[in-house]
Amino acid sequence: MKEILRKYIPERSVDKVFDLIIKCNVHLKIVNERVTRHGDYRKMPDGRHQITVNASLNKYRFLITLIHEIAHLVAFEKYGRYIKPHGIEWKRTFQQLMLPYINPEVFPAKLLPVIAHHFKNPRASSDTDEKLSLALKQYDPANDKNYIFELPLGSVFRLYNGKVFKKGNKKVKRYECVELNTGRIYLFNPNAEVELLN
């Protein structure tokens, strides 16, 4: 298991993560990319705890995602199944579990301030924290995607599912975008990755 973890997370985090996986009795599955999520946690009918994480994530995002999912397991075990999935119990658990990794042996120095800021009040997804998402993207392999906030007003773009949209104005935190086939308006996070068409 340690050899597998070495492929996906920073070297200096492997021993601690391995110990945490054993302690929490986690069955870790590394899966092909799912566009809608980086990872998930499930308690299986036989009582085992299954966590899946996308294989395509860079090692820093993979580590954050894995600890995020283990925090669900630990929070549910400690506080019960009826807590909010990303409520205060989960946030505190995630902060506590992540703390040993927030250091320059695990994360690059330029990522540390952004990660430290994120973990003052962690969100349901690292993707909804615009600064963290952008900072982590620097460690992804190059691709042809753009963030919505980078596109000029009126740009036409395609999503992973093939739907085509036109970028509109920003409303509070999200952009209103019109699906060209239906005319329906959807709200997009500024850091959603899309393919620019024009």
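The values are calculated or read from the model by the stated rules, or taken from the named source; none is laboratory data. Everything quoted here is computed from the prediction, not taken from an experiment. Positions of Cβ are generated from backbone atoms using ideal geometry, with glycine treated the same way; all protein chains shown enter the neighbour counts.
Here Leu97, Leu57, Leu66 are screened, and the one residue that is surrounded by 13 or more Cβ atoms within 10 Å (Cβ to Cβ), part of a loop (DSSP other than H, G, I, E, B), in the same structural domain as Leu20 (by TED's automatic domain parsing) and not β-branched (Val, Ile, Thr) is Leu57.
Selection of region 136-163 for residues being part of a strand (DSSP E or B) and buried (at least 16 other Cβ atoms within 10 Å of the Cβ) yields Tyr147, Val156, Phe157.
Tell me which residues, restricted to region 167-197, are of a type in the set (Lys, Arg) and over 26 Å from Leu132 (Cα atoms).
Within region 167-197, the subset of a type in the set (Lys, Arg) is 167, 170-171, 173-174, 184.
Of everything in region 167-197, just one residue is of a type in the set (Lys, Arg) and over 26 Å from Leu132 (Cα atoms), namely Arg184.
Please verify whether region 137-151 includes one or more residues that are of a type in the set (A, V, I, L, M, F, W, C) and over 21 Å from the mean Cα position of the chain (by Cα). First the steps, then the outcome.
To start, the set of residues in region 137-151 that are of a type in the set (A, V, I, L, M, F, W, C) comprises 142, 148-149, 151.
Applying the additional criterion that residues be over 21 Å from the mean Cα position of the chain (by Cα) yields 151.
Yes, region 137-151 contains a residue that is of a type in the set (A, V, I, L, M, F, W, C) and over 21 Å from the mean Cα position of the chain (by Cα).
Cβ-Cβ contacts under 7 Å between residues 6 or more apart (or on different chains), taken from a first residue in region 30-47 that is touching a residue at least 40 places away in the same chain (Cβ under 8 Å) to a second residue that is part of a strand (DSSP E or B) and surrounded by 14 or more Cβ atoms within 10 Å (Cβ to Cβ), are listed as His38/Val53; His38/Asn54.
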